[in-house]
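To start, the structure itself, in structure tokens.
The values are calculated or read from the model by the stated rules, or taken from the named source; none is laboratory data. These numbers come from a predicted model, not from an experiment. Here the Cβ positions follow ideal geometry from the backbone for every residue, glycine too, while neighbour counts run over all protein chains shown. With ligands, DNA and RNA removed, areas are computed over all heavy atoms of the protein, side chains included. Shrake-Rupley method; radii C 1.70, N 1.55, O 1.52, S 1.80 Å.
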Amino acid sequence: MKGSVDDSVVERRLRPIYDWLDLGNTRKAIQECDKVLKKQPGLSCAKVLRCLALLRSGKAEDARQGIAQVVASKPTDDSSLQALTIYYREIHELDKICEVYEAAVKNQPKNEELLSHLFMSYVRVGNFKKQQQTAMTLYKVKPKNPYYFWAVISIVMQAKEEPEGSSDQRMCLTLAERMVEKFYKEGKLEAEAEVLAYLYVLELQKKYLDALEILDSDLREKITQQPANFVQLKRINYHLAQQQWQQAHAICKELIALQRDNWQHYESFCFSLIKIYQSSSDSNCDKSILEEGVSFLRDNLKDTESRHNTKYRAPFLALLELVWQMRAAGLEDLVVELGVRAEDEMLAYLSKFGSKWCAFSDVRRFLLLLPSDSVGVLVTKLKDCVNLDDKGLPIDVPALYRHLTWLQVKRCLMPDVNFTASDHLEEADKFLFMYNNCHHLACQTVATDIRRNDIYLLLSTHSVLSALSLLSAERPDSAEKMPSASLLVIKLAGILEAAIASSRANFQLKLLLLQLYNMIGACGACRVCYESLEIKSVQLDTLGNVLALQALDAGHYDLASSIFSTTNSFFVSAAKDTGEPMIQAYRYGSLTRIPEFREFRERLERSVHFATVTAEQMLLELTHSVSSHKAAVSVLEQQRIDPVADKTDYASLVCNTDKSVKIHWLPTPLPVPGSLYINTESLSSHASVGSTSERRGGAQPDAAVVEELKLRNVTLRLLGAGLQLTKHKETSTSPLTNGCSVSEVSSLQQYSDVLAELESLKLSSQSIADVEEERIDCSTLGTSRNVGCYARGSFVDCILRHGNLLLMLHNCCAGGKTAEVTYTRDTAQACKEGVNDLLVAATAGLRELHASAATAVLANTRALLLLHHALQTVGIITVMLGFCSAILRAVKRPGKKSKKKIDAPAQLECLEDFSWYITWLEAELGSLQPALQEKLSIAKENSRNSINLYSKIVPKFKNKDDQAFENSTASSDNNELESSVASLGLADRLTNGVEKEETKNEKYVPNETEGKEPLKDSLEPVLPDFTKTGLMIDASYQESLSNLKASLTAKLKYISTIKL
């Protein structure tokens, strides 16, 4: 009784501490801890909570010391151990949780609760062997079935860690099977989770007949919490895996009769039907088998249509699926003999369901099954089904959907490959007209829904992108004067901005707008649009390519750093976040889900985007705003780069980017004849037919992306090796024969190895980067980073030259026999040539950059990328020169007790050469600063001069008045400005516009809504504001130039701190 009273008192005293911690008030939490500790000085939980509050208030070292004292006392009470778990989870040291519970279990080896927590701590770190041992200990202490099956699944997880098909894997799986089989024979299997675990172990060993016996036994009755027909679906999968086609086919028929709209039943039905035909012993290959299947599908269709009309869609697509699989099996010649015509089935489906939003996505997979001579007929018949008014506009919502279905099918089947840029713009204007005049048909949607007419604008946008692709190739296709790329970009961006304001839930419009801004390097204009996407959690990996790296390359360092921090925080916490669901899966019996959670975690850990973002963030922290060598050393120490251990397994990297999220109108490729197969590796899903194989758990990343990542990672390791080399040079007190300490020799060898590795990577990466596309494809431009420029340029070569300079200076100052002092001056000269190449690249970028929306070109992306890489490389070599300076200063001012023999003439030459080079470098970089400032001033002036031009833009892609815009942007003397406009600040112009000048512009008015009373829930369309759009693009370029200028200023300050 006394113990329970004491526990309640302790809980009452600790409750305020937990409350303050939950509220984030660490100061109050510490005060409450101090009060409790005055009353109970030995209360371990209060001590841990005080350390947790110290950690959250930024006093990590004080917290660590306090935790060490508590851990040394080896607490066993649950409250202290749980508080320690929270602490170690926050500092991402999950292995320490295991140590704490191991110590507690040693004191109380029969404590079931402590053993359970110890098991879960091993789950967090993925120590499957210790999981198995702890689970069996638990089962011996308390013989409960869940503990026994924890051990079984732990053995299964050990098997999955072994190479596929290895003897170790087979041994683990056999052990797991025998353990479950023993329970089965003893009649101890009680729960559904245990039966499913048994089936899972049999599936992994491909013992499908044994699994079928389990489903035929009384254990089947224990499966009660799974979806309908779960057991029947398992039977189908097992029969298909055993090539028992007849049995699987019979079950498919039963399931189709029960669930007419379940698509996976039809896929399995068609697959098993074809396999029955192919395995027929009849030498004449009797077609009656296939005819019977076709007859069954037709009868099912008629019965469904008579009973449910258009309620179910799957029966209407079943024959198309059969044709698709027959082609995959190489039986396309039999399709006509069976009386199945893909064009007829397609027309029948679209005639009935063409008024549905999903019609096009349903048939997209089967479009290429149509014979070429029937494509035109199908498109014509679909057009005849659309009800349009005299202006060519849909008369109601069903007509709108039918019209969109027709347009999308036509674009897929009849691609505009022979269109000129003018043709594409005419198409874009037609779609834009439809979009503008169909708002009344979308007015009854709520604000969180995608508007029905948005597809028109998506089609229009893709047409403009196709026109930009042709214009960027500089292929004049007619004598007609075409609008410039900059004018098209402003128009399209303004229209998309207005459409997004009207249809806030349409992420497709937002992705296209991000792509458009990325195409011209105006990433600063993307910020609001990107934030509205609300990308979070795993989307930071699957959609991480939409802005983060593009913003970095465009010089928007704050935006890039913000996205990098969010992305890295997600990946770092992924281990913790995925560990908790695994623990819950053990506790609640979802044992077969545990391998899925583990595979998901591994896929995140092997993400190429994670590796790239990590490297880029480290380089950004080191090269953007660091203005002294002391600050650079501090950053490097915080990054804790290990030149030897920090090696990435590039072969295991996967690309998790979801490339299917963006809409397009390319038909799904047909399967290669003879590619029909069933995926027996994943029996939880239906048969996979003719699909393209990918690496397990992700796609293969692009070779150029991996090569650039290698260069960046090795560069970081080179800087880490340089830091260690400098530290050992400054602190060495035990010289050897060549004047170096033992630790210095080790650091020197590491540095030399990393430098040689970078030299080797430079040669291999250039061969991949030299493969460039001859023509810019605007349909994909801006959706991913422009890789290859870094490897092709002189950036890596410049880093190598300065790396050699650091090595030469170290050898010279070592004064030993291996010192290569004769090459020092040549090395310094080589560094000068490397910097000259960087300045040439930066100058070329400034010259190519058109820092105004009125003259923006697609080459702006490359121009900003050159400037970014040039200045970042300057930042890298500046850090390396800081290491050189530290070595030379140690020689220039040796310690009084130093007995090292110094080769004074050679070292004096090094000092002179280095001082001369630093002075020259400072002067050359200083000459770049006025050029950046002048470019920035011109950009601001051009932005002010272009306000009137932006305000006169008409929302039409081909307009006869566009010539005035072209002439104005071509003229360099356009300085006419109203004084009131010129006096406005940039922020005022972006938020308030220009005195409502848009009221003078030619704006569209939806014809169908004129004179009509708007509906109560109507959403009024937002009109494009091209002035605001143009100024946003201008502001983005000005921000890029300002950031680059600030970065250069920081590097000049850095150089001033390393002068001798």
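A compact table of results
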{"item": "Tally of residues being assigned to a helix (DSSP H, G or I), open to solvent by less than 10 Å² (accessible area, probe 1.4 Å) and more than 23 Å from C831 (Cβ to Cβ) across the stretch 843-875", "result": "4"}
{"item": "Residue count, the stretch 427-447 (criterion: within 21 Å of P415 (Cβ to Cβ) and open to solvent by 10 Å² or more (accessible area, probe 1.4 Å))", "result": "5"}
{"item": "Residue within the stretch 404-417 that is open to solvent by 50 Å² or more (accessible area, probe 1.4 Å), over 16 Å from L670 (Cα atoms), touching a residue at least 12 places away in the same chain (Cβ under 8 Å) and more than 35 Å from the chain's Cα centre (by Cα) present", "result": "no"}
{"item": "Conditions (1) at pLDDT below 85; (2) open to solvent by 30 Å² or more (accessible area, probe 1.4 Å): number failed by E757", "result": "(1)"}
{"item": "Hey, F571 of a type in the set (A, V, I, L, M, F, W, C), open to solvent by less than 20 Å² (accessible area, probe 1.4 Å), within 30 Å of E90 (Cβ to Cβ) and in contact with a strand residue (DSSP E or B) (Cβ under 9 Å, 6 or more places away or on another chain) or not", "result": "yes"}
{"item": "Verdict on A651 being open to solvent by less than 40 Å² (accessible area, probe 1.4 Å), small (G, A, S) and without any contact (Cβ under 8 Å) to a residue 24 or more places away in the chain", "result": "no"}
{"item": "Positions within the stretch 143-164 being among the charged types (D, E, K, R), assigned to a loop (DSSP other than H, G, I, E, B) and farther than 13 Å from E194 by Cβ, in sequence order", "result": "E162, E164"}
{"item": "Residues located in the stretch 312-323, provided they are over 13 Å from H265 (Cα atoms), in a helix (DSSP H, G or I) and open to solvent by 10 Å² or more (accessible area, probe 1.4 Å)", "result": "F316, V323"}
{"item": "Residue within the stretch 75-93 that is out of contact with any Phe, Trp or Tyr (no Cβ under 9 Å at 6 or more places or on another chain) and more than 30 Å from N127 (Cβ to Cβ) present", "result": "no"}
{"item": "Residues within the stretch 592-627 that are within 20 Å of N656 (Cα to Cα) and open to solvent by 40 Å² or more (accessible area, probe 1.4 Å), tallied", "result": "10"}
{"item": "Qualifying helices (runs of 4 or more DSSP H) (wholly inside the stretch 50-142; at least 3 residues being among the aliphatic types (A, V, I, L, M) and open to solvent by 40 Å² or more (accessible area, probe 1.4 Å))", "result": "60-72"}
{"item": "Yes/no for E774 being modelled with pLDDT under 60 and in contact with a His (Cβ under 8 Å, 6 or more places away or on another chain)", "result": "no"}
{"item": "Candidate set: the stretch 739-754, residues that are at pLDDT 80 or above and open to solvent by 70 Å² or more (accessible area, probe 1.4 Å); chosen: the one nearest to A890 (Cα to Cα)", "result": "Q749"}
{"item": "Whichever residue in the stretch 251-287 is open to solvent by 50 Å² or more (accessible area, probe 1.4 Å) and part of a helix (DSSP H, G or I) and, among such residues, is nearest to L233 (Cα to Cα)", "result": "Q264"}
